[in-house]
1. Suppose the chain between B:ASP150 and B:ASP113 were pulled fully straight at 0.36 nm per residue; how much longer would it get relative to their current alpha carbon spacing?
2. Is the C-alpha gyration tensor of chain B telling us rounded, prolate or oblate? Criteria: a/c under 1.5 is rounded; beyond that, a/b larger than b/c is prolate, otherwise oblate.
3. Would you grab the residues whose amide H sits under 5 Å from the one on A:VAL55? Only those 5+ places off in sequence or on another chain, please, with H modelled 1.01 Å from N.
4. With contacts defined as alpha carbon pairs under 8 Å and 6 or more residues apart, what's the relative contact order of chain B in percent?
5. Counting only Cβ atoms, what residue of chain B lies nearest to the axis that sends chain B onto chain A, and how many whole Å off?
6. Using the 7 Å Cα-to-Cβ label point, sort the distances from A:ARG184 to its equivalents in the other copies shortest first and give them in nm to one decimal.
7. Which FRET efficiency value, to the nearest 0.05, is calculated for A:SER203 and A:ASN7 with the Förster distance at 35 angstrom and r the Cβ-Cβ distance?
8. Between A:ASN45 and residues 5 or more places away or on another chain, which pairs have amide H atoms under 5 Å apart, with H built 1.01 Å from N, and which residues are they?
Protein chains: 2
Amino acid sequence: MDKSELNNHLLKYGFEPALVQEIYDNGRSKKVVAGEVIVKPGQNNNYVPLVLDGVLKVTRHDDDGSEIFLYYLEGGDTCAMSISCCLDNSKSQISASAEEDSTIWMIPIEYLDSWIAKYQSFRRFIFNSYRERFDEMLLAIDSMAFMKMDERLYKYLLDKKQSSGSFEIKKTHEQIAKELNTSRVVISRLLKQLENEEKIEQSRNKIEIL
Amino acid sequence: MDKSELNNHLLKYGFEPALVQEIYDNGRSKKVVAGEVIVKPGQNNNYVPLVLDGVLKVTRHDDDGSEIFLYYLEGGDTCAMSISCCLDNSKSQISASAEEDSTIWMIPIEYLDSWIAKYQSFRRFIFNSYRERFDEMLLAIDSMAFMKMDERLYKYLLDKKQSSGSFEIKKTHEQIAKELNTSRVVISRLLKQLENEEKIEQSRNKIEIL
DNA sequence: GTTTCAATGTAACAAAAGTTACCTACTAGA
DNA sequence: TCTAGTAGGTAACTTTTGTTACATTGAAAC
């Protein structure tokens, strides 16, 4: 990826040219394919991923292999969790994987602190990411704390539609069940209900939002 | 509060003397009594609270008046949520109230950005707070996503013990039910169970952890 | 002491979610 | 075309959680 292409991705943040140059000189782009795991729990990351294109899925896991979907990272988002982890060298508490084929820009952690000190636009960017991630965690908490499974499922489908930009969701009931930490039978039951309410249409490996 | 007293509270962060001086010159201390609300959802804060003494309780609310406990802020903690909100002037998404009589140091928001740029120790402090708050949100998520109500209740009691430093918890079943977003009857039922398992002892307005 | 009110206990039932078991339908590959 | 394997449908049942209703208890006020 050349500098002008990277610059296009970064335009919206109003980064100083010197900062863009530093980001270009010190980072590198990486392509990941759908399903590829980028951040694993317990892993010590030495770079911060900035999503240029595509969608990453961030999930939380417990010790028994259960998981729960937290939020998506889309173009321009960065993983605040990685940043905190990197800045004090602690372990990642979450896991991130490519939901679609994606392009990320990898920033080695050793530059973060100095960029934060030097560039106001970068401070703004970092704190803004934090706020957005906080907000998304709160939305995840809202779902779990205040909503029944049928509502959570519908919200999940709408989120997925939003992040992918497509009304068609290519997931099995089993996969959805895993992300909502429930069982396949429950999801099938509730999807059938949504189908009866004419909110979705189903076929094998595919759900269409109406 | 004089400067040396403030300095004692800040010692553990290794702040530069010049930073301590700025914190002292530009902030002020505030006493809050148990139950007092410090941050309301939707409120536009113009200061960041740093907890010097006591305990603040941070909760999330939905539109119907339901709430869910997130975490406690103890001596030395600051409210990362306030910081993000302040830095980009967005509204608070959460609510914070004094769980005990507490002393907080109020930092006007206009200084944050420049301190973050100027002082490495402050950057470290701020990012560390973020990380701690993130971790605590994740623990809250773990409870909601992966645990049954009986476990959540017991964890809640242990958390409360931890933050207050006392084996005696002075809350009614009703109050606990509110913080876990369930009903009083459920809490009474499960507390009775914990009592039978000899994990707690109960009397009116009081629960003792064994 | 008596009254009053909040706090807690408990039964009985309802709703939501989880589990087991087995079935059918579709698809890819032999 | 046949077969094996995956995806999805559904019934029956259990467990967990929530709800309603009412009884009991303790503390404070009178």
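Laboratory data are not the source of any read-out in this text; all were calculated from the coordinates shown. Bear in mind that the values here come from a model prediction, so they are computed numbers and not experimental data. In this analysis, Cβ positions are derived from the backbone assuming ideal geometry, glycine residues included, and neighbour counts consider all displayed protein chains.
1. 8.9 nm
2. prolate
3. Here A:GLU99, A:GLU100 satisfy the definition.
4. Values: 336 pairs, mean separation 44.2, N = 210.
For chain B, the relative contact order is 21 percent.
5. B:MET144, 2
6. So the distances to the same position in the other copies read 4.5 nm.
7. That gives a FRET efficiency of 0.25.
8. For A:ASN45, the qualifying residues are A:SER92.
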